[in-house]
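All remarks here apply to the structure that follows.
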Amino acid sequence: MISYIITMLNNSKSIEASKKCIESARKFGYYPIPYKAITPEDDPKKIFEQNNLPLGEFKNENKYSRIEPAMCCFLSHRELWKKSVEKNEKMLVLEHDAIFKDKLPTEIIFNDFVNVGKPSYGNYRTPKQNGIYELFSKVGGYIPGTHAYFISPNGAKLLLDYAQKNPAPADLFLNKNNFPWLKECYPWPVEADDTFTTIQKVEGSRAKHNYNEEYEII
């Protein structure tokens, strides 16, 4: 299994956060590789057009996130799903603010998708026992943030096929209503150590567990 960190290479804060992620991962024997994130400078709307992706949930502005950065986030994750399929490799997908607190459960490799990141926003639920379950932490069945998850080539192919018809912001796209086979492990070995956002507006940022008066919206 190989690990990639989605990193905005034109953003010093993103690069610094990725370095912290790598440092925390190495303590547990993992060696993530920075992967260039798609940013607004790459013209995400043009990328959607070139790949025949409908705008889907990106058609209308919402009060929580900015559309263009949310498109970039989705496209960045999509690039790694494509890489998983093309290389036929299982991978751990990380965002720049992911921090390792423990080793990954070895049984994740027997699944197509397992969220390993602790919820980074809002209320959430926990199971009574450790293990791997269907997505459980969010009442609506959504992934509790996209900062850390394992994916197989088969899982990536299923996501890519659905994305051609119904793309959406990554944390809304990944839900058990669309994909009942998505899993989540408990306890979570990875947490989000976010101090800034390039996607959420103030309304969306306030739901984050790390939000405070020093939290930056850039």
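If you take all other residues with their beta carbon under 9 Å from the beta carbon of G141, and give Lys and Arg +1 and Asp and Glu -1, the sum is +1.
For the stretch 74-141 and the stretch 1-58, compute the distance between their C-alpha centroids and round to whole Å. Centre-to-centre distance over Cα atoms comes out at 15 Å.
Calculate, for the stretch 1-156, the solvent-accessible area per residue in square angstrom, rolling a 1.4 angstrom probe over the heavy atoms of the protein chains.
Values: 7820 Å² over 156 residues.
Solvent-accessible surface per residue comes out at 50 Å².
Normalised by the number of residues in the stretch 99-218, the mean separation of alpha-carbon contacts (under 8 Å, six or more apart) gives a relative contact order of 37 percent. Once the chain from R26 to K128 is taken as fully extended at 0.36 nm per residue, the excess over their C-alpha distance is 33.7 nm. Relative contact order, whole percent, for the chain stands at 26, derived from Cα pairs under 8 Å and 6 or more residues apart.
Quick check: at a probe of 1.4 Å, how many percent of the accessible area of the chain sits on carbon and sulfur atoms?
Details: 5130 of 10920 Å².
The computed percentage sits at 47.
The modelled label-to-label distance for the pair N52/I33, using points 7 Å beyond Cα in the direction of Cβ, is 2.9 nm. Helix content alone sets the calculated 222 nm mean residue ellipticity of the chain: runs of n ≥ 4 DSSP H residues at -39500 (n - 2.57) each, divided across all residues, give -8500 deg cm²/dmol.
Any idea what diffusion coefficient the chain gets from Stokes-Einstein, in µm²/s, Kirkwood Rh on alpha carbon pairs, 25 °C, 0.890 mPa s? Walk me through the numbers before you get to the answer.
Numbers: Rh = 17.3 Å.
Reported coefficient: 142 µm²/s.
Its Cα gyration tensor gives the stretch 1-91 an equivalent ellipsoid; the semi-axes, largest first and in whole Å, are 26, 17, 11.
Length gained on full extension, K82 to Q164, computed as 0.36 nm times the residue gap minus the Cα-Cα distance: 28.3 nm. With Rh defined as the Kirkwood radius, the inverse of the mean 1/r over Cα pairs, the Rg/Rh of the stretch 103-184 is 0.94.
With Cβ to Cβ distances under 14 Å as the rule, what net charge do the other residues near R26 carry (K, R +1; D, E -1)? Intermediate results must be reported in sequence, preceding the final value.
Details: positive: K19, K20, K27, K101, K103; negative: E23, D102.
So the environment of R26 carries a net charge of +3.
Computed with a 1.4 Å probe on the full set of protein chains, the accessible area for K59 sits at about 140 Å².
When the Gaussian network model of the chain links Cα atoms closer than 10 Å, the mean-square fluctuations of Y35, Y124, Y149 top out at Y124.
The values are calculated or read from the model by the stated rules, or taken from the named source; none is laboratory data. This is a predicted model, so every value here is computed, not measured. Cβ coordinates were reconstructed from backbone atoms using ideal geometry, including for glycine residues, and neighbour counts include every protein chain displayed. Note: areas computed on protein heavy atoms with side chains; ligands, DNA, RNA excluded. Shrake-Rupley method; radii C 1.70, N 1.55, O 1.52, S 1.80 Å.
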